[in-house]
1. At most 13 other Cβ atoms within 10 Å and a DSSP loop assignment: could you name the chymotrypsin sites (Phe, Trp or Tyr not before Pro) in the range A:62-103 that fit?
2. Restricting to DSSP loop positions (anything but H, G, I, E, B) with no more than 15 other Cβ atoms inside 10 Å of their own Cβ, which trypsin sites (Lys or Arg not before Pro) remain in the range B:114-205?
3. Along the charge dipole of the range A:78-285, Cβ charges K/R +1 and D/E -1, which of A:Gly257, A:Phe278, A:Ala160 sits furthest on the positive end?
4. Explain nothing, just compute: Karplus ³J(HN,Hα) = 6.51 cos²θ - 1.76 cosθ + 1.60, θ = phi - 60°, for every residue of the range A:230-242 in order, whole Hz, x for Gly and Pro.
5. Give me, ordered by chain and number, the residues 5 or more places off B:His205 or on other chains with an amide H under 5 Å from its own placed amide H.
6. Report the equivalent ellipsoid semi-axes for the protein assembly as shown in whole Å, largest first, defined as the square roots of five times the eigenvalues of the gyration tensor built from alpha carbon atoms.
7. Normalising by the residue count of chain B, find the relative contact order in percent from Cα pairs under 8 Å and 6+ residues apart.
8. By how many degrees, 0 to 90 and rounded to 10, does the Cα axis of helix A:244-253 deviate from the longest principal axis of chain A?
Amino acid sequence: MALATWHSSDPLQESGDLQEEALAQPAPPRRARSAHRFAKATLGPLAILAVIVGIWELVSYVVLDPQRRFLLPPLQTIFHQAFFIHSNLSVLLSALGVTTEVAMAGLGLSIIIGMLIAIAMSEFKSMERGLYPYLVVLQTIPILALVPLVGFWLGFGFTARIVVCVLISLFPIIASTLFGLQSATRAYHELFDLHHASRFTKLVKLKLPMALPSTFNGFRISAGLSVIGEIVGGYFFQQGKPDIGVLLDQFTAQLNGTMLFGAIFIASLLGVAVFWTFGGISSLVVGNWKE
Amino acid sequence: MGDVGLEVTERAPTLSGTDDTADHQLVVRSVSHTFPDGTAVLRDVSLTVDRGEFVALIGPSGCGKSTLLKIAAGLEKQTSGEVICHRDNIGFVFQDATLLPFRTVQGNVELFAELHKVPKAKRKEMARAALEMVGLQRFEDKYPKALSGGMKMRASLARSLVLHPHLFLFDEPFASVDEITRARLNDEVIKLFTSEQFAAVFVTHSISEACFLSSRVVVMSQRPARILADIEIPFPYPRHQDLHYETAFVDKARQVAQLLGEA
Ligand SMILES: Nc1ncnc2c1ncn2[C@@H]1O[C@H](COP(=O)(O)OP(=O)(O)OP(=O)(O)O)[C@@H](O)[C@H]1O
Ligand SMILES: [Mg+2]
């Protein structure tokens, strides 16, 4: 009882110390209780999954006649064709690799550009005033409508695909970082002003760390958007190494339902994986201290 | 607003003309302040605080107490009048603990030493000493979110203590903690004041807290605030909670309450 040493004469104060310490160190989590909670959390989604699979198979086998079954192939056919036949799988995986690569390159660029813009806006009022209307525009216009224009200007290759990813994923990064940078209250700023800290010091030691939780939220949203942008770009541009977008187009044209669904599943998995990864990175970086 | 503190005149904290032997840590001379929106908050306020003096500042809500502290610390520039104090090392304790959530308790307490470019090993040692003074030595690796309100306030005190300032400004630091925690934090302040012998200005809404902590209670009027009274609280330090029940103390508290009622 380190705290109690000063107040040991007063029993009331000592119990206060105990209370404070108890507050600071919550009881360790019970394994049994957490297992129970896990079961509760997974049971619902599993039940829904079973219903979806049931309807899927019902439609595929009963509602559709065999000639039209390619519209919704049975699940085991999809899995067998797409994921267990080596040549098919390697087509999907190579497209997955291209999509991941381009989407992450676009996201990286978006993060750099977005954070620089957000920092400039938070440091200079004139920047904020000047850029704000365009941000609103960026958020409001249907960016996918710009995709043809991007191809028209930049050609239909790698660069154009990355630009689409950046366009579509930029706004959440700017918005979340700016919000985070402005989240330090006046008292925090005064704390640094008292010791004559420079603006740069305040940016590095106060505003940026304060912004991290919100910024990482933005990364996570933008990562998903960047994947969408990459697939749309590939689908539209049709050039360079085939990505998931190109495959979607090809399989549709070939009326190849099993591979089309295979590509859709792969794309969905990528979306989920990206979302989880950035969630994980976020809890690694700010999980310790985030309120 | 970031650089306000740098523009304010700084001078040696001694008054020419009056007795030079006194160790003035803060001299506020005829300070008036009106905000740009026209709100007049201070009118001709003068206040001198010496080393080893503990001044409690009490007055109606919204009269300008926080503004006066900010002007003293150089966070706000007064419209007229003069402030003399050493601006490079002031302890300022806010109502909220304002701990940086992304730093551990230790990291928070090191902050000011870090801003003053104290080498790492040295500031670590300074932080540890400060944490020990407030009884938080076992919590140095915790993040603020794991601390109770009272412990956050202790960490905030330790942070201000780390550079051993000669002038401490407190802006209602314990207004949001419960009564028992508040009493213990008051004991803590008394202990720190007794050992460090800084000069202090302590804003509070509690008459008993004001009388318990301070060697002088300064009562302010409604906005725009003037100083209505400056009352000596002559009890020796270190003080103990029992003081609250002594007749002399109760008389002082009544006197302050009456003045406040007239404010
Ligand atoms: N930046 C500002 N611009 C305009 N008015 C302000 C500003 N800051 C404070 N005020 C006003 O000045 C008055 C005095 O504020 P101040 O915070 O100094 O009062 P206070 O005595 O500390 O009040 P409280 O007891 O509620 O803490 C208030 O009416 C407040 O609304
Ligand atoms: Mg106030």
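Since every read-out is calculated from the coordinates, none of them should be taken as a lab result. Computed from a prediction, not measured in an experiment: that's the story for all the values here. Cβ placement follows ideal geometry from the backbone for every residue including glycine, while neighbour counts extend to all protein chains displayed.
1. Here the sparse-neighbourhood loop sites are A:Phe84.
2. On the way: sites: B:Lys117, B:Lys120, B:Lys122, B:Arg123, B:Lys124, B:Arg128, B:Arg138, B:Lys142, B:Lys145, B:Lys152, B:Arg154, B:Arg159, B:Arg182, B:Arg184, B:Lys191; in loops: B:Lys117, B:Lys142.
For trypsin sites (Lys or Arg not before Pro) across the range B:114-205 that sit outside H, G, I, E and B with at most 15 neighbouring Cβ atoms in 10 Å, the list reads B:Lys117.
3. So the residue furthest toward the plus end is A:Phe278.
4. Values per residue, Gly and Pro as x: 5, 5, 5, x, x, 4, 7, 7, 6, 10, x, 4, x Hz.
5. none
6. Details: eigenvalues 793, 167, 73 Å².
Working through the eigenvalues yields semi-axes of 63, 29, 19 Å.
7. 25 percent
8. Helix A:244-253 sits at roughly 30 degrees to that axis.
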